[in-house]
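What follows is one structure encoded as structure tokens, with my remarks underneath.
The values are calculated or read from the model by the stated rules, or taken from the named source; none is laboratory data. Keep in mind that this is a model prediction, so the values were computed, not measured. Cβ placement follows ideal geometry from the backbone for every residue including glycine, while neighbour counts extend to all protein chains displayed.
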Amino acid sequence: MNEQEQRIYTELLVIRCQQGQKEAFELLVEIWQKPLLAFALRYLGQETDAQDAVQETWISVIKGLNKLQNPSLFVSWLFRIMTNKCIDRIRKKQVKKKLLENADIKLESPETSNDSGSLEQAVRRLSDQHRTLITLRFGQELQIGQIAAMLNIPEGTVKSRLHRALARLREILGDKI
């Protein structure tokens, strides 16, 4: 199925979901589960966190699908929810880590490993905004226009933020690139 056929099929499934057809929702999940999981895994770096974020995303989709007025916007809406769920998970981890550090308990996690030179670790050190752009552009291989539509910002803004994100990534990686 090419990209246009998938877009039309997804829109049809969304309309059917809004009419209460459970089978249509199951098909939506079947189509978009793997792309969501791949996105979350690149964003969060841990499979269990990624799976939890995807699950939370589908719950939000179930709750809000009837409010989506334009079915053609489903994919960008879906990935916007996914991005927000990933950001929420990262923030919760950071709060938990600070609380544990303040209690003089050392938290050992893959994020604090000595492998800080890896590209994935460097991407995780970026701001939420920059990490989102890098993940959408290079992880999901979306075009600038698609990212702009998904995030509801002008293409020029996507380009300039992406440029800054890449510059920051080069700064973090230093001589390792």
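Quick check: is even one residue across segment 59-70 within 25 Å of residue 91 (Cβ to Cβ), touching a Gly at 6+ places or on another chain (Cβ under 7 Å) and outside the structural domain of residue 147 (by TED's automatic domain parsing)?
Scanning segment 59-70 turns up no residue that is within 25 Å of residue 91 (Cβ to Cβ), touching a Gly at 6+ places or on another chain (Cβ under 7 Å) and outside the structural domain of residue 147 (by TED's automatic domain parsing).
Looking at the structure I just gave you, is residue 126 over 30 Å from residue 25 (Cα atoms), at pLDDT 85 or above and assigned to a helix (DSSP H, G or I)?
No: the conditions fail for residue 126.
Which of the residues belonging to segment 1-56 are in contact with a Pro (Cβ under 8 Å, 6 or more places away or on another chain) and on the phi > 0 side of the Ramachandran plot?
Passing the criteria: only 45.
Identify, by number, the condition in (1) hydroxyl-bearing (Ser, Thr, Tyr); (2) over 17 Å from the mean Cα position of the chain (by Cα); (3) modelled with pLDDT of 85 or more that residue 109 doesn't meet.
Only one criterion in (1) hydroxyl-bearing (Ser, Thr, Tyr); (2) over 17 Å from the mean Cα position of the chain (by Cα); (3) modelled with pLDDT of 85 or more is unmet by residue 109, namely (3).
Could you grab me the full set of residues in segment 119-135 that are of a type in the set (D, E, K, R), surrounded by fewer than 20 Cβ atoms within 10 Å (Cβ to Cβ) and over 9 Å from residue 169 (Cα atoms)?
Within segment 119-135, 120, 124, 128 qualify.
Search segment 1-56 for residues being outside any helix (DSSP H, G or I) and small (Gly, Ala, Ser), and hand back the single one that is nearest to residue 121 (Cα to Cα).
Checked segment 1-56; the qualifying residue nearest to residue 121 (Cα to Cα) is 45.
Say we look at segment 129-153 and pick out the residues that are touching a helix residue (DSSP H, G or I) at 6+ places or on another chain (Cβ under 7 Å) and not in a helix (DSSP H, G or I); which of these is farthest from residue 37 (Cα to Cα)?
Here the answer is 142.
Taking segment 32-64 only, how many residues are of a type in the set (A, V, I, L, M, F, W, C) and closer than 12 Å to residue 81 by Cβ?
Residues that pass the stated criteria total 10.
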